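Take a look at the structure below.
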Amino acid sequence: MAASRDADEIHKDVQNYYGNVLKTSADLQTNACVTRAKPVPSYIRESLQNVHEDVSSRYYGCGLTVPERLENCRILDLGSGSGRDCYVLSQLVGEKGHVTGIDMTKVQVEVAKTYLEHHMEKFGFQAPNVTFLHGRIEKLAEAGIQSESYDIVISNCVINLVPDKQQVLQEVYRVLKHGGELYFSDVYASLEVPEDIKSHKVLWGECLGGALYWKDLAIIAQKIGFCPPRLVTADIITVENKELEGVLGDCRFVSATFRLFKLPKTEPAERCRVVYNGGIKGHEKELIFDANFTFKEGEAVAVDEETAAVLKNSRFALDFLFIPVDALLPAPQGRSELETKVLIRDPFKLAEDSDKMKPRHAPEGTGGCCGKRKNC
């Protein structure tokens with residue numbers, strides 16, 4: 001039973017799985033890390049192509065954790081593995097920004113460090129803007145990571161591998177600056193994961209055994225102090241391994257990307273209209289902020305109090321004009337635009353709805369968000 005496996009034992013199993021059992025992403029036994037992703041913007045695709053093949057081949061993420069507006073930012077990558085995402089972000093933050101990767105698997109950290117000089121030379125940087133640390137993501141202080149020292153924290157299919165998810169999020173909250181965000185992809189379960197699944201070493205290593213029940217994310221995050229989770233993308237996971245499917249039973253899984261913002265303690269924002277000024281690199285004409293809000297340059301969009309607070313108090317504040325509520329125009333039948341909008345928070349619903357809209361064969365530039373396809 002899972003109760004007999006303490007945190008140290010789980011950590012050792014994970015280190016062994018990712019340090020010794022898996023040599024490349026082709027060794028994965030399920031497709032939890034090869035779910036479909038949205039089309040990759042050209043500027044990110046170009047950055048991915050600059051990452052060394054040996055680094056990309058050891059990539060085991062479950063999403064594309066590259067948020068917008070990264071110039072000069074300080075970013076922390078939880079569970080950075082071989083360093084693929086760090087090297088992508090290194091190019092996007094520029095020489096004045098900085099990226100720190102932390103991972104508990106020494107073998108992966110060594111792979112990442114091996115190619116540091118190669119990438120800095122390729123990017124044309126005079127000094128490295130990437131640092132790799134060996135440590136646990138739920139014990140960032142032990143690795144020397146200071147409070148309120150990062151603008152953004154990312155994580156790519158790693159938090160599920162840690163037994164104490166609340167401690168991970170608590171540490172993230174500590175190291176984020178006010179107005180900062182956690183932008184992360186992970187695996188979520190449709191129900192509380194049964195003990196026989198939690199205790200299965202392969203399923204835990206494959207990111208399924210330790211998956212959080214999706215509804216618990218909001219409970220834990222808001223308890224710590226984050227704003228409610230903002231769902232960005234989601235894809236249903238199909239295991240396609242008969243033996244493991246038998247163990248999983250009725251428990252379903254989804255890979256989903258969420259954003260969690262740490263906002264300063266200010267007066268509550270009011271609902272309003274916002275106008276996107278445009279100009280963010282790769283999103284000059286349209287900013288898909290999450291599954292519920294897409295902002296087109298020059299167009300006014302009605303937003304709720306929560307969204308207004310996030311936009312006003314984060315790195316996006318200068319990218320929007322804010323129009324007071326008294327200027328809002330009524331929608332048909334006398335209801336406001338916001339009252340007619342139903343926000344999607346359930347990743348399973350989003351994944352199922354998105355699946356109905358997708359072509360049978362993914363177009364060029366999409367495909368696996370991780371795993372067997374390199375440089376997705």
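The values are calculated or read from the model by the stated rules, or taken from the named source; none is laboratory data. Just so we're clear, the structure is a prediction, and the values are computed from it rather than from any experiment. Virtual Cβ from ideal backbone geometry, glycine too; neighbours counted across all protein chains shown.
Number of residues in segment 73-84 that are closer than 18 Å to residue 281 by Cα and within 15 Å of the chain's Cα centre (by Cα): the value is 1. Here residue 285 meets the list (1) within 11 Å of residue 319 (Cα to Cα); (2) free of Cβ contacts under 8 Å to residues at least 40 places away in the same chain almost entirely, failing just condition (1). Residues that are within 30 Å of residue 317 (Cα to Cα) and among the basic types (Lys, Arg) are absent from segment 239-254 altogether. Report yes if residue 166 is surrounded by fewer than 19 Cβ atoms within 10 Å (Cβ to Cβ) and either farther than 19 Å from residue 72 by Cα or in contact (Cβ under 8 Å) with a residue 40 or more places away in the chain (or both), otherwise no. So residue 166 fits the description; yes.
Entry remark, segment 147-163: residues being out of contact with any helix residue (DSSP H, G or I) (no Cβ under 6 Å at 6 or more places or on another chain), modelled with pLDDT of 95 or more and not polar (S, T, N, Q) number 4 in total.
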